[in-house]
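Structure first, commentary second.
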Amino acid sequence: MDDSRRCTGTSRQSGEQCRRARCEGLDKCSLHCGLSEADRERAAGEHRLMSRSERMIKARYEDADPVTNPLEVVQRLSRVALLGWSTPPTSWKR
């Protein structure tokens, strides 16, 4: 098994690293982390959500230009909020 997927827990008797696979989103297996099935599923779900949101943020802002004039950005966003547009007109996009 790949060491990156191995449990980081150790045996009390031998001191060797556990050979079991770790739970998704955790660094230990179910035996060493002491979590119930529901806790393991919750941790795995949080891990999946975090990874998905990080990917979405990266994709959204990867090619974004840095803000040089924050006041201009706030003015544009306030116009969008006041006029009820769900997205700004395409002429505003950089």
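Computed from the coordinates by the stated procedures, all read-outs in this text should not be read as laboratory data. No experiment lies behind these values; they were computed from the predicted model shown. Neighbour counts run over all protein chains shown; Cβ positions are idealised from the backbone, glycine included.
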>> As an exercise, use a Förster radius of 35 Å and the Cβ-Cβ distance of Ser53 and Leu77 to find the FRET efficiency, rounded to the nearest 0.05.
In response: 0.95
> In nm, what is the difference between 0.36 nm times the number of residues separating Ser11 and Arg42 and their Cα-Cα distance?
Replying inline: 8.6 nm
>> Please give the charge dipole size of segment 1-53, origin at the Cα centre, charges +1 on K and R Cβ atoms and -1 on D and E Cβ atoms. Round to the nearest 20 debye.
In response: 60
>> I need Leu49, Leu71 ordered by Cβ neighbour count within 10 Å, fewest first.
In response: Leu71, Leu49
